[in-house]
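Novice: Have a look at this one before I ask anything.
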Amino acid sequence: MFLCTIEMAKIIKFAITGGIGFVLDFLFTWLFKEKVGINPYLANAIGFTVAVVNNFYINKKWTFNDRKKDTKKQFSFFVSFSLIGLLLNTLCLLLFTSYFSLNFYVSKLIAIALVFIWNYNINNIITFKKHG
């Protein structure tokens with residue numbers, strides 16, 4: 001029971017951190033797509049990247065309460081897994097906008113929700129795994 005409570009707390013913290021990342025992602029995506037006028041998929045990558053860097057540090061310190069010193073290695077894992085997440089995110093965007101004709105931002109919302117599942121599980125299992 002206690003482990004379930006700890007796991008649920010981590011999921012909630014990960015979701016809150018993801019919410020912060022979500023706001024940053026949307027803000028930077030919108031800024032670069034609408035105001036700078038770059039390709040929407042490149043704007044999406046910029047928003048996603050800003051969110052990833054922010055989320056790594058919040059997740060390391062708060063969500064997973066990780067005090068290990070191998071931050072560079074963990075950041076490498078986090079970025080690598082996030083790039084896979086970006087690929088999944090972009091594929092979802094293409095699928096939902098091109099094949100289902102959904103609005104770009106509605107598609108982005110759905111993509112973020114789906115990629116959340118990947119991100120939490122892979123980072124919990126590998127990036128911030130508790131040893132010993």
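The values are calculated or read from the model by the stated rules, or taken from the named source; none is laboratory data. Just so it is clear, the model here is predicted, and its values are computed rather than measured. Because the Cβ atoms are built from the backbone with ideal geometry, glycine has one as well, and the counts that use them run over all protein chains shown. Accessible surface areas use protein heavy atoms only, side chains included; no ligands, DNA or RNA. Shrake-Rupley method; radii C 1.70, N 1.55, O 1.52, S 1.80 Å.
Novice: F75: assigned to a helix (DSSP H, G or I), crowded, with 19+ Cβ neighbours inside 10 Å and modelled with pLDDT of 90 or more, yes or no?
Specialist: No; evaluated as a whole, the condition is false for this residue.
Novice: To continue, here is another question. Could we say that T97 is at pLDDT 95 or above, in a helix (DSSP H, G or I) and closer than 20 Å to F26 by Cβ here?
Specialist: yes
Novice: I've got another one for you. Here are the criteria: (1) more than 18 Å from I122 (Cβ to Cβ); (2) open to solvent by 40 Å² or more (accessible area, probe 1.4 Å). Tell me which single one E7 does not satisfy.
Specialist: Here E7 clears every test but (1).
Novice: Condition (residue is open to solvent by less than 60 Å² (accessible area, probe 1.4 Å) and under 16 Å from T17 (Cα atoms)) applied to the range 65-72: is it met by at least one residue?
Specialist: Within the range 65-72, one or more residues are open to solvent by less than 60 Å² (accessible area, probe 1.4 Å) and under 16 Å from T17 (Cα atoms).
Novice: Another one. Scan the range 20-48 for residues that are touching a residue at least 12 places away in the same chain (Cβ under 8 Å), open to solvent by 40 Å² or more (accessible area, probe 1.4 Å) and of a type in the set (V, I, T) and report the count.
Specialist: Total meeting the criteria: 2.
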